[in-house]
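Structure, as structure tokens:
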């Protein structure tokens, strides 16, 4: 008897969960249904619907209703994407992407980018916030790559680039496996100081401990990467600016 009651309770809970998902989906549509119409569509009483709406509000869904008889219900007009949960690495990739977009100064994007970035970093620690503030100054945008370079461009390895992004943001040493233009593989320990875009090719402007000098590395040629716990101190900017001049526009 107890097993039957348990199964019945579980079935009722699952049925209500499905109904809550239906209500949320309907409220996200462009329509503004009345409680009467919504209850009829779901096959429940208005009293049950009101209980479901209250539960959704408790879960953080910002539901508002028009006053008066026959008024509709909807999500608040200023409601966005809700409680979006990002993994730490996803947040870092997004922050770097926002900094890149700001530096490109597209008039279609600039109006919204700063408030988006402010909201995103609000949940980070003070140390990470200060690092984010310096991102724009460490990302440089250059001229479009030549057709020759463009033709040699390859898709990034996302698994390799993710630790590069994190090491760049956090100013950490990183080990990379790098393939040169002839396909020769070498292993380097580098300090990723700046990012440079010669569209569509991205370069990491780094201090290379193998050569004990500034070197540039194409991101699409990094085959693997592993970040260290050890941090580096930002070096003077001029040697990295000089290294940009050394990037031959016709060399892949």
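Every read-out reported here was derived from the displayed coordinates using simple, explicitly stated rules and does not represent laboratory data. Keep in mind that what you see is a predicted model, and the values were worked out from it rather than measured. Note that each Cβ is placed from the backbone with ideal geometry, even for glycine, and that neighbours are counted across all protein chains shown.
Some notes on this structure:
- Counted by neighbouring Cβ atoms within 10 Å, the residues 232, 156 run from fewest to most as 156, 232.
- Our estimate of slack between residue 233 and residue 133, defined as 0.36 nm per intervening residue step minus the Cα-Cα distance, is 34.4 nm.
- Summary of packing: across the peptides 32-44, 206-218, the per-residue average of other C-beta atoms within 10 Å ranks them, highest first, as 206-218, 32-44.
- Here 223, 230 are placed in order of increasing Cβ neighbour count within 10 Å, fewest first, which gives 230, 223.
- In nm, spacing of pseudo-spin labels at residue 18 and residue 185 (7 Å Cα→C-beta vector): 5.2 nm
- A Förster radius of 51 Å, combined with the Cβ-Cβ distance separating residue 141 from residue 41, puts the computed FRET efficiency at roughly 0.50.
- Exposure proxy order (Cβ contacts within 10 Å, fewest to most) of 175, 133: 133, 175
- Computed E for residue 224/residue 55 - FRET, C-beta separation, R0 51 angstrom, nearest 0.05: 0.60
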